[in-house]
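Asks: Structure below; questions to follow.
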Amino acid sequence: MAFIQEKMFAEMQEKTIFKKSLEFGSKYIDASFDRNVYPTEEAIQNLDWFNELMPTETANPVDVIEKLNQYGSPATVSQIGGRYFGFVNGSVVPTGLAAKLLSTFWDQNTPMYVTSPIAAQLENVVQEWLKSIFKLPLETVAGFVSGSSTANLCGLAAARFRLLQNQGWDINQKGFYHAPSIRVIAGKEAHSTVIKTIGLLGFGNDNIQFIDTDEQGRIRADLIPELDNKTLLILAAGNVNSGSFDNFSAICHKAKAVNAWVHIDGAFGLWASAVKKLKYLTTGIEYANSWAVDGHKTLNTPYDSGIILCSDKEALMSSLHMSGGYLVLSDDRDGMFYTPEMSRRARIIELWATLKYLGTSGIDQLVLGLHQRAKQFEAELSNIQGFTILNDVAFNQVVVSCATDEITTQVIQEIQRERVCWVGGSTWKSKKVIRISVCSWATTEQDVTLSVKSFKSALDKVTGKKDF
Ligand SMILES: *Cc1c(COP(=O)(O)O)cnc(C)c1O
């Protein structure tokens, strides 16, 4: 037996490294809710420890895990706690995390039923659950991908297939050379991943017909031209800055009547439809053809968890299809036909566990909680001279500005330096803004109040130390 094989058998048997990982992970959780949200300068400097040439010798396994914990853990961004408000990054539901931990030992690969019956079964079950949560057409299918970037890619690839098929053109065989044209229409504030995907699929960004948006970032329904079955219309459930929702009821029904393809980027916003008090925001989404949504944002599953939902199974499968003589297909679910990848980790397991644990009542409470904490931010910041709220806080996003772009930029830097919370900046209607995204189940009223205090002290510091 080779030395390395013998060694690894022993490690599997002893399990010291697994116990260490669990022990370190447990300590990490304990510290996560109070610690500095962003790593300290020192922790970041210590990352130099990792700079070494590729080792030649086999290491002590315990040492590998200990060093990873020692230098890695302090250099993480604590987003499982309650005061990370950057991008739209979710925390993690404990049961989802635990399911991921268990499934780590299973190390399943999920292209086909035959490679992992458990993963295929959970994909089938969760597909039905998601359809009922979002009230989507019965024929809708789901593919489990890494995030909404890929989900958008899948939805638009299905649209490309169907819209060209409508004109007697097989994109898979013939490609775009000499193809009939398709119109692509999107709101001016469509997410960057949508734009990227349009480029990647060969439509060309110059060919997007951008429609003006209103003061909340919603596509102006009155400016959308006459649609037809050669048109792809991309809408947003959750503007990435303001969290606003396009007017689906005014748009989707009309689009369906003429067989245009509507894709909804609902990365974080689609979950509003699971909340009694917020579902009015998504009225009409059921008339669209494809929907992209994340588990890892609003729902707080572990990363990476994205979902493509599509009511045209043939278009989705045809656009992502692969074949090969060695494939073992079954009458059951072969996950690779719903995604661009073949080998995939079984991310469905933690999505299933999160949904199973929360139930619809838990989802309702979790998502509504994000909205309520965002409203709290709005209320508390409005009371402080020097901060202005620029959006209607319809969902979980708050857009804030200071008196000038320069002050806003410096306040963001100062808040980040304080490390009580973490917020990023963005540009909104040509203004520099602070962008708050409440996306963690763990955010408490106290977390918001503490964070607002940090906003205030940052503003005082910036405006006190300089004359603007
Ligand atoms: C985050 C986000 C995406 C991209 O999703 P990933 O999961 O990061 O790939 C797309 N659209 C919107 C609106 C988003 O917020």
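Asks: Just to confirm the filter: which trypsin sites (Lys or Arg not before Pro) across region 149-213 are DSSP coil and have at most 15 other Cβ within 10 angstrom of their Cβ?
Replies: Here the trypsin sites (Lys or Arg not before Pro) that fit, given the DSSP loop and packing criteria, are Lys188.
Asks: Quick check of the Kirkwood formula: for region 407-468, what is the inverse mean of 1/r over all pairs of different Cα atoms, in Å?
Replies: By the Kirkwood definition, the hydrodynamic radius is 12.3 Å.
Asks: Just to confirm my numbers, what's the Cα centroid distance between region 402-419 and region 63-124 in Å?
Replies: Cα centres, region 402-419 to region 63-124: 33 Å.
Asks: Here's another thing I want to ask about it. Enumerate by residue number the GluC sites (Glu not before Pro) in region 110-184 meeting two conditions: DSSP loop (anything except H, G, I, E, B), and at most 14 other Cβ atoms within 10 Å of the site's Cβ.
Replies: In loop regions of region 110-184 (DSSP not H, G, I, E or B), the sparsely surrounded GluC sites (Glu not before Pro) are Glu139.
Asks: Continuing with the same structure: Calculate for the chain the 222 nm mean residue ellipticity that helices alone would give, adding -39,500 (n - 2.57) per DSSP H run of length 4 or more and normalising by residue count, nearest 500 deg cm²/dmol.
Replies: -13000 deg cm²/dmol
Asks: Between the alpha-carbon centers of region 205-258 and region 298-321, tell me the distance in whole angstrom.
Replies: Cα centroid to Cα centroid, the span is 21 Å.
Asks: With the dipole of the chain worked out from charges on the C-beta (+1 for Lys and Arg, -1 for Asp and Glu) around the Cα centre, which of Trp261, Thr76, Gly202 lies farthest toward the positive end?
Replies: Value computed over the given set: Trp261.
Asks: If you don't mind, another one. Of all trypsin sites (Lys or Arg not before Pro) in region 275-352, which ones are in loop regions per DSSP and have a Cβ with at most 13 other Cβ atoms within 10 Å?
Replies: Taking region 275-352 and a limit of 13 other Cβ atoms within 10 Å, the loop trypsin sites (Lys or Arg not before Pro) found are Lys276, Lys277.
Asks: Sticking with this one: Provide the three semi-axes, in whole Å and in decreasing order, of the ellipsoid equivalent to region 176-287 as defined by the square roots of 5 times the Cα gyration tensor eigenvalues.
Replies: Largest first, region 176-287 gives 24, 16, 12 Å.
Asks: Farthest toward the dipole's positive end in the chain, which of Gln376, Ala292, Asn152, given Cβ charges of +1 (Lys, Arg) and -1 (Asp, Glu) about the Cα centre?
Replies: Gln376
Asks: May I ask for the Rg/Rh ratio of region 2-78, computed from Cα atoms with Rh as the Kirkwood radius, given to two decimals?
Replies: Ratio value, two decimals: 1.05.
Asks: If you roll a 1.4 Å probe over the chain with all protein chains in place, what percent of the accessible area is carbon or sulfur?
Replies: 54
Asks: Sticking with this structure for a sec: With a probe of 1.4 Å, find how much accessible area the chain has per residue, and write the answer as a whole number in Å².
Replies: Result: 46 Å² of accessible area for each residue.
Asks: What Kirkwood hydrodynamic radius, in Å, does region 160-227 give when the mean of 1/r is taken over all pairs of distinct Cα atoms and then inverted?
Replies: Radius from the Kirkwood sum: 13.3 Å.
Asks: Among DSSP beta bridges whose residues both lie in the chain, state the antiparallel percentage, nearest 5.
Replies: Bridges in the chain that DSSP calls antiparallel: roughly 60 percent.
The values are calculated or read from the model by the stated rules, or taken from the named source; none is laboratory data. Treat the numbers as computed from the prediction; the structure is a model and nothing was measured. No Cβ is skipped: glycine too gets one built from the backbone with ideal geometry, and neighbour counts run over all protein chains shown. The area values use the complete protein model at the heavy-atom level, side chains included, leaving out ligands, DNA and RNA. Shrake-Rupley method; radii C 1.70, N 1.55, O 1.52, S 1.80 Å.
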